[in-house]
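Bear in mind that the values in this text are calculations on the coordinates, not laboratory data. Remember, it's a predicted structure, so these values are computed and weren't measured experimentally. Please note: Cβ atoms are built from the backbone with ideal geometry, for glycine as well, and neighbour counts cover all protein chains shown.
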Amino acid sequence: MDGQTQTPRTVLCHKSAETSSDDVERLSAFAFEMDMGRLRRKFEELQKQLWAERQRFQDEYATMSTKNAQLATQLEESQNARVAFHMGHANKVAKMREKHEKEIQAFMTAEQEQKKKAEQLEKALAVREKMVTQMLAGEMEKMRRESHLELEELHAAFVLERRCHREFLLEMGEQWA
């Protein structure tokens, strides 16, 4: 009719004026059944699409969950490796610091021991210097006394010789006179 597509309802509406009430009921029931069949098929098709979409979504969700779990595992491993690296680095730094502190302590101890030895050597040198000075002073005093005694002896010998020479000259002068 008129080039338009007609549904059972439109047919029913156009023929309702010409048909009887039984025919209208039958046609109405037939149109209803046709509409219900078409709706059922459309519903089943939509249900299949929904089920396929749901299945695709569940597959994607499962894939994403698996990827997320893998990424979480990788992240945890990466963080653990990072923590292990930092802990290892911190341990190395601590060991190096401890080693350097021990070396510094050993150096300071050695330096203190050298200072003590230097002080002891200075004291020993001062004592030795004092002893040598006293010994030299004693030797010089002894030499001075000895030389003084020698000088006195020489002087006494000179005086004696001079007296003897004078007496000799006096005796000789008396003999010549």
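Listing for the model above:
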| read-out | value |
| --- | --- |
| Farthest positive-ward along the stretch 8-176 dipole, Cα basis, beta-carbon charges - from 86, 31, 160 | 31 |
| Which of 112, 149, 100, positive extreme of dipole for the stretch 90-157 (C-beta unit charges) | 100 |
| The chain: calculated mean residue ellipticity at 222 nm from DSSP helix runs of at least 4, using -39500 (n - 2.57) | -35500 deg cm²/dmol |
| Cβ charges +1 (Lys, Arg) and -1 (Asp, Glu), total dipole of the stretch 8-176, debye | 1040 |
| Which of 175, 74, 134, positive extreme of dipole for the stretch 63-177 (C-beta unit charges) | 74 |
| Cα long-axis angle, helix 21-176 against the chain (0 to 90 degrees, to the nearest 10) | 0 |
| Radius of gyration and maximum dimension Dmax of the chain, Cα, Å | 69.4, 222 |
